[in-house]
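Quick notes on the structure that follows.
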Amino acid sequence: MESIVQLTEPALPPPLFTRLSRRVGDLKGERLRHTYQTTFWYAFGPPENVVEEVIHTLRPRVTKGWRIAGVEWWLSRMRATDVRVDFHQDRDERLALATGKLVHPVRSSVLFLNRVRGGALAVTRELPSEANPSLAPDRLEDLTLVAPRPNRLVVFDGTLTHGVLDADNQVPDGKLPGPSRERRTLVMNWWGHRPTDVPTWSETRFYRALAI
């Protein structure tokens, strides 16, 4: 069976990956509780921060054969003992909340910044189910799992369901005991058009530590 994900590692030249990892670390706790709500739009202009530099570097590989207008990006920072995201499909979030209309990116991608216990990315063609913990699909046997490894990039179709497993690589169902490292990733959705009301990084005051 053909894989539904495309893996690249190492995805970035080591100096750029090291700079990205350090700058994300420099953010410390900035907007940590709102990490999934802090999203930005980048339309492939001159890079103004290290993430835009990363996107510029990855663009030829990810966009080959696709018509892409830009990238919506954000940082995922959480612990696998306390997963804060349910299984979902990426979408134009503000449009969906306002109208119920579902519009998906062309491609979804995740760049892992570090290694943690568990915390695998799970990707599937099955739909999320409100009947299950973390909205996990009813059928789990077809999950494609990608373990967090530094400088590993995973790319998949923007309509696919995905989620994060806990520190035991199980569907999250509450907080787990014990310590764990912060799981850090850069999430990039590649769009054919700009999603609704997503600002550019320069239009906000957030994440100034990422500046070039």
| remark: Result of the Cβ filter at 6 Å on region 32-56, keeping first residues that are under 19 Å from R183 (Cβ atoms) and partners that are open to solvent by 50 Å² or more (accessible area, probe 1.4 Å) and in a loop (DSSP other than H, G, I, E, B), at least 6 apart or interchain, is T38/R31; T38/F206
| said: Quick check on my filter: what residues within region 1-31 are within 15 Å of E182 (Cα to Cα) and acidic (D, E)? | reply: D26, E30
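Confirm whether T39 is touching a Lys or Arg at 6+ places or on another chain (Cβ under 6 Å) and surrounded by 13 or more Cβ atoms within 10 Å (Cβ to Cβ).
In short, no.
For (1) free of Cβ contacts under 8 Å to residues at least 24 places away in the same chain; (2) closer than 16 Å to D86 by Cα; (3) surrounded by 14 or more Cβ atoms within 10 Å (Cβ to Cβ), each residue gets a yes or a no:
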| residue | (1), (2), (3) |
| --- | --- |
| E141 | yes, no, no |
| V146 | no, no, yes |
| R149 | no, no, yes |
| V155 | no, no, yes |
| G163 | no, yes, yes |
| D166 | no, yes, yes |
| K175 | no, yes, no |
| G178 | no, no, no |
| task | Could you list, in sequence order, all residues of region 57-67 that are more than 17 Å from the chain's Cα centre (by Cα) and either buried (at least 18 other Cβ atoms within 10 Å of the Cβ) or free of Cβ contacts under 8 Å to residues at least 24 places away in the same chain (or both)? | result | P60, K64, G65
| task | Would you mind listing the strands (runs of 3 or more DSSP E) fully within region 89-156 where at least 3 residues are under 26 Å from L27 (Cα atoms) and hydrophobic (A, V, I, L, M, F, W, C)? | result | 107-112
| request: Scan region 1-25 for residues that are of a type in the set (D, E, K, R), part of a helix (DSSP H, G or I) and open to solvent by 90 Å² or more (accessible area, probe 1.4 Å) and jot them down. | output: R22
| task | For residues that are acidic (D, E) and either in contact with a strand residue (DSSP E or B) (Cβ under 7 Å, 6 or more places away or on another chain) or at pLDDT 95 or above (or both), scanning just region 1-58, find the one that is nearest to E203 (Cα to Cα). | result | E48
| said: Checking D142 against (1) over 18 Å from S76 (Cβ atoms); (2) touching a strand residue (DSSP E or B) at 6+ places or on another chain (Cβ under 9 Å); (3) at pLDDT 95 or above: exactly one of these is not met. Which one? | reply: (3)
| query | Could you say which residue among R125, R77, R107 is among the charged types (D, E, K, R) and either over 30 Å from A211 (Cα atoms) or open to solvent by 40 Å² or more (accessible area, probe 1.4 Å) (or both)? | reply | R125
| query | Would you pick out the residues in region 181-212 that are assigned to a strand (DSSP E or B) and within 17 Å of G45 (Cβ to Cβ)? | reply | M188, W190, W191, T200, A211
| said: If I go through region 26-48 residue by residue, how many of them are aliphatic (A, V, I, L, M), more than 16 Å from the chain's Cα centre (by Cα) and not in a loop (DSSP other than H, G, I, E, B)? | reply: 0
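The values are calculated or read from the model by the stated rules, or taken from the named source; none is laboratory data. In this text the structure is predicted, and so the values were computed from the model without any measurement. Cβ sites come from the backbone with ideal geometry, for glycine too, and all protein chains shown count toward neighbours. SASA here: full protein model, heavy atoms, side chains in, ligands and nucleic acids out. Shrake-Rupley method; radii C 1.70, N 1.55, O 1.52, S 1.80 Å.
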